[in-house]
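What follows draws every value from the coordinates through simple rules; no lab data is involved. Predicted model, so just to flag it, every value in this text is computed and none were measured. Because the Cβ atoms are built from the backbone with ideal geometry, glycine has one as well, and the counts that use them run over all protein chains shown.
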Amino acid sequence: MSSSATKKIIGIDLGTSNSCVALLEGTEPVVIHNQEGGRTTPSMVSWSGEDDIIVGAPSKRQMVTNPTRTVFGIKRLIGRKFSSPEVQELASSLPYSVVSAKNGDAWVRIDNETHSPQEISAHILSKMRRVAEEYLGDAIDEAIITVPAYFDEVQRQATKDAGTIAGLTVRAIINEPTAAALAHGAHHEHDQRLAVFDFGGGTFDISILAIESGVFEVLSTSGDSQLGGDDFDRVIIDFLADEFQTRNEFDLRTDAVALQRLKEAAERAKIELSSTMTTDVNLPFIAAGSTGPIHLQRQLSRRELESACRHLLDQLGSPCEKALGAAHCRPEDVDQVILVGGMTRMPAVQEKALDIFGKPPSKGVNPDEIVAMGAAIHSGIMGGELQEIILLDVTPLSLGVRVISGKMSVLIPANTTIPARESKIFATIEDNQTFVAIEVYQGEAEMAAQNRRLGRFILGDLPRAPRGQVRVEVSFTLDADGILEVEAVEHSTGREASVTIEAASGLSQDEILRLAGKTRGY
Amino acid sequence: MLLSGMGWMLGSDSEVQARLEGELDRLKSSDPYAALGLEPDASKAEIRAAFLRNTKVFHPNRFARRGREVIKVANEVFLRLKDAYTQLAGERSGKLRASTADNGRVHGETRRRTMPTNPLPAPPPPRVAHGSGPRGKYTARNSMPPTAAKRGVTQTNPLPAPPPQPNRLGESRRALSTARSSDRLADRLPKTRVRFRSNDSPDSSARSQVKPAAWERAGQAPPISDRARPDNRPGRDTRAAGRPAAPLDENSALHSHSERPAEQPVKASGSPAENPRDSDEFRRCLALLQLGQWGAAERVLRNLAANHPEDMWIMAHVHYARARAHQERGNLVDAHVELRRALEADASFEDARKAAESLSSNVPDYVYRIK
């Protein structure tokens with residue numbers, strides 16, 4: 001193997017709430033403890049004092065006293081526009097302030113400085129890298145990072161840029177459910193069909209895979225990129241705050257510190273209710289009333305939690321049906337259901353999975369660690385240690401071009417195995433039309449404008465002819481890394497144009513390099 | 001066979017690349033069976049196994065730590081293998097390719113499918129007297145603005161609203177009977193008020209009297225109604241070349257349609273007080289549409305529209321007639337464009353919507369022009 005192969009590639013699960021790093025020892029993936037002794041690291045970054053940046057558990061500990069300068073759940077902002085409804089909804093419930101960058105991206109403002117989500121994610125990735133380096137006693141500069149299957153190209157590129165800022169060469173961005181399947185099936189000899197039910201802090205993904213002679217073929221993938229454990233926390237926060245407001249005529253959500261304490265208590269209550277039937281929420285001195293301090297003390301039951309979150313639980317069904325449909329699978333064709341992500345610890349979520357697939361989920365899988373382990377397995381596929389397995393993944397979202405009346409014409413449909421190449425013939429809509437603009441979009445909406453725009457280019461000098469008579473063949477080649485090459489050819493003249501689209505994450509190469517230099521300082 | 005001796009995978013980038021390029025050359029000159037290393041009588045299971053075996057060796061992920069060029073060749077090799085496999089296994093993407101490759105032939109077939117020679121039942125025998133009830137309703141409807149008129153029908157009618165298709169069919173039939181009963185209309189109507197400014201329609205008689213339209217003076221793209229022409233001969237659009245290029249805005253193609261001036265560039269003299277939809281002309285148009293005489297209907301409607309530029313309902317019919325004329329000639333693109341304009345003028349125009357639906361299911365997609 002080439003010289004670089006002697007160095008390890010680490011696998012990082014960059015989660016919404018927690019991150020995890022693993023690497024391959026021999027042919028076995030090993031999860032690495034962080035300096036605080038945890039196998040996972042809270043995905044939190046906070047600024048304290050002048051330029052002091054704290055990452056992970058220490059950041060989580062000081063969150064209550066430093067709410068506006070502690071960033072959590074940055075994964076829900078990465079690669080998104082400030083004006084998007086998702087960000088707007090989210091921003092109103094966050095204690096730190098989300099602002100619009102010059103290019104319209106959602107950034108975070110801490111004091112008087114703004115930070116891109118890429119940069120904040122890079123702090124977490126840096127930390128994971130250091131964890132691995134300390135364990136190995138050797139420098140590491142290559143990584144595989146996992147993302148939700150439903151991330152679009154812009155979000156993937158933004159994650160890749162975060163890796164670059166953290167000084168890592170990102171060898172691959174792989175899908176979280178796929179990684180989980182790799183970790184689960186790598187050492188099982190027999191062929192089987194898996195459903196990976198991945199419900200984490202910020203996203204819900206469902207993937208159906210077939211394992212056949214060591215080839216892990218993703219049959220379909222679906223999900224909801226705006227449904228996660230955070231939403232359950234928010235429901236609990238609102239539940240408690242509404243009740244508090246009717247009793248005390250004070251809205252806890254208007255006070256950053258109170259909101260932060262409430263959020264922490266909500267998350268803890270949610271976790272505890274996975275193993276107990278009732279829990280106590282105890283927040284003394286949460287507000288100051290006219291007659292003195294007010295405390296929030298309340299018993300919360302699992303039943304209350306489940307009924308308050310019923311609408312969220314109900315949203316899990318339809319992506320599963322979509323994924324089964326796309327895989328041409330019935331629930332009974334699925335041999336095993338694997339649960340991934342902290343939210344799958346919730347009994348109501350497990351019941352939902354049982355409901356949908358008609359079989360109990362597999363035990364013996366650690367839902368917090370399996371994704372990072374899968375990323376480490378993938379490093380063995382790339383590095384040559386694991387010759388007997390390979391992953392055939394799919395593109396989760398359709399790729400196409402914008403056509404007449406603003407619609408999107410799909411060239412590569414969702415759930416196509418990558419690498420993929422598809423082409424389609426288009427015609428001009430005006431007489432003597434001398435050029436066409438090929439605008440590339442990604443997404444499932446019928447109207448192109450509602451999807452993610454990846455780029456555009458022009459094919460000019462078309463022959464003059466009545467409308468409809470000039471035919472342009474457009475072909476898309478999507479490689480295994482998600483890089484898309486678009487080519488357009490007019491056959492009668494042989495004129496052609498092409499462009500390689502690597503979705504721009506909103507940061508220029510210079511900015512990434514500048515930030516990379518800065519991050520190394522820590 | 002391919003899998004014996006995997007030592008090459010451990011070589012330098014250039015060695016690996018040479019090996020992959022050799023494989024690519026072999027695949028380019030192989031039939032799908034040979035590509036996968038199979039005999040032509042291979043079973044489904046053998047085909048699948050061969051594809052998986054090859055995937056494990058040549059998937060680009062195996063070369064992820066190599067140079068970009070190596071990965072590129074590996075991508076090509078894998079695409080060839082996948083292609084061979086989809087051809088043999090008849091999978092999803094294989095089918096997709098087959099259907100797009102047939103686009104050239106779609107037109108002829110579509111035409112036969114969507115243009116039955118006589119889609120409507122034979123017109124009823126002429127009836128001179130029509131009941132005052134429906135006639136009254138018809139008038140009331142037409143004296144209202146288009147959208148309000150639509151609502152008016154359903155609101156004032158105590159019975160459930162009839163489905164639009166039979167309703168309009170009924171109107172057309174009533175109109176038809178009027179047309180049949182008064183053939184003299186045909187002589188009278190087209191000659192009146194032909195002041196419609198049109199550079200391209202051969203039957204336009206008043207071109208030279210017309211001063212330049214607002215858009216021409218301003219050096220902008222022409223409004224849509226002028227660009228749409230009843231025929232499709234090449235080289236007729238002399239304006240296209242001299243038209244100033246607008247900035248390459250992603251929405252410009254759409255905007256040029258929707259930013260149509262509210263008014264037609266030239267107003268013809270006439271009697272605007274009279275409700276055009278209540279006129280014999282309009283009923284004659286509906287009759288012509290009913291008979292499938294799209295060209296003739298379009299000419300009359302165009303005159304009517306020129307005299308009543310504010311009437312979007314008539315405008316919608318103009319575009320609809322043009323669309324059907326195009327469709328008849330097989331110019332599906334133009335038909336599509338015109339139907340869209342018809343629906344822009346009146347979004348509730350059921351005939352246009354139905355025609356557009358049946359068309360769009362059979363037409364390839366068309367890329368926008370950016371001006």
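Stretching the chain fully between A:Glu86 and A:Met447 yields a gain of 128.1 nm (0.36 nm per residue, less the alpha carbon separation). With 23 Å as the limit, the listed pairs B:Lys44/B:Lys82; A:Lys7/B:Lys82; A:Lys424/B:Lys82; A:Lys322/B:Lys72; B:Lys28/B:Lys56 have A:Lys7/B:Lys82; A:Lys322/B:Lys72 beyond it between alpha carbons.
Cβ crowding within 10 Å, taken as a proxy for footprinting-reagent exposure, orders B:Lys82, B:Lys28, A:Lys363, A:Lys352 from fewest neighbours to most as A:Lys363, B:Lys28, A:Lys352, B:Lys82.
The Cβ shell under 14 Å around A:Pro419 holds other residues with a net charge of -3, Lys and Arg each +1, Asp and Glu each -1. If R0 is 41 Å, the Cβ-Cβ spacing of A:Lys363 and A:Asp138 corresponds to a FRET efficiency of close to 0.70.
Computed from label points 7 Å out along Cα-Cβ, the spacing between A:Val99 and B:Arg68 is 3.5 nm. About its Cα centre, the dipole of the range A:397-501 is roughly 260 debye, where the only charges are +1 on Lys and Arg Cβ and -1 on Asp and Glu Cβ. In terms of other Cβ atoms within 10 Å, A:Ile271, A:Ile124 run from fewest to most in the order A:Ile271, A:Ile124. Compared with the dominant Cα axis of chain A, that is its longest principal axis, helix A:317-326 is turned about 30°. For B:Ser14, the shell of other residues with beta-carbons less than 12 Å away shows a net charge of -2, using +1 for Lys and Arg and -1 for Asp and Glu. As an exercise, identify the GluC sites (Glu not before Pro) in the range A:6-88 lying in DSSP coil whose Cβ has no more than 13 other Cβ atoms within 10 Å. Counting only loop positions with at most 13 other Cβ atoms within 10 Å, the GluC sites (Glu not before Pro) in the range A:6-88 are A:Glu36, A:Glu50.
Here the range B:1-55 and the range A:210-227 have alpha carbon centers that stand 25 Å from each other. Using the Cβ of A:Asn366 as centre and a radius below 12 Å, the other residues enclosed give a net charge of 0, where K and R count +1 and D and E count -1.
Between A:Val30 and B:Asp280, the FRET efficiency from the beta-carbon distance, with R0 = 60 Å, is close to 0.10. Computed from the C-beta positions of A:Leu354 and B:Leu291, the FRET efficiency with R₀ = 60 Å rounds to 0.40.
The charge dipole of the range A:371-451, taken about its Cα centre with unit charges on the Cβ atoms of Lys, Arg (+1), Asp and Glu (-1) only, comes to about 80 debye. Label positions at B:Ser14 and A:His187, each projected 7 Å from the Cα along the C-beta direction, are separated by 4.2 nm. With the alpha-carbon atoms of the range A:229-310 aligned to their principal axes, the span from lowest to highest coordinate is 38, 20, 19 Å, starting with the largest.
Here A:Tyr96, B:Tyr85 are placed in order of increasing Cβ neighbour count within 10 Å, fewest first, which gives A:Tyr96, B:Tyr85.
So if I place +1 on the C-beta of Lys and Arg and -1 on the C-beta of Asp and Glu, and nothing else carries charge, what would the dipole magnitude of the range A:229-310 be about its Cα centre? I want it in debye, nearest 20.
Details: 11 positive and 15 negative charges, 35 e Å.
The calculation lands at about 160 debye.
Stretched out straight at 0.36 nm per residue, the stretch from A:Lys7 to A:Asp251 would grow longer than its current Cα-Cα span by 82.4 nm.
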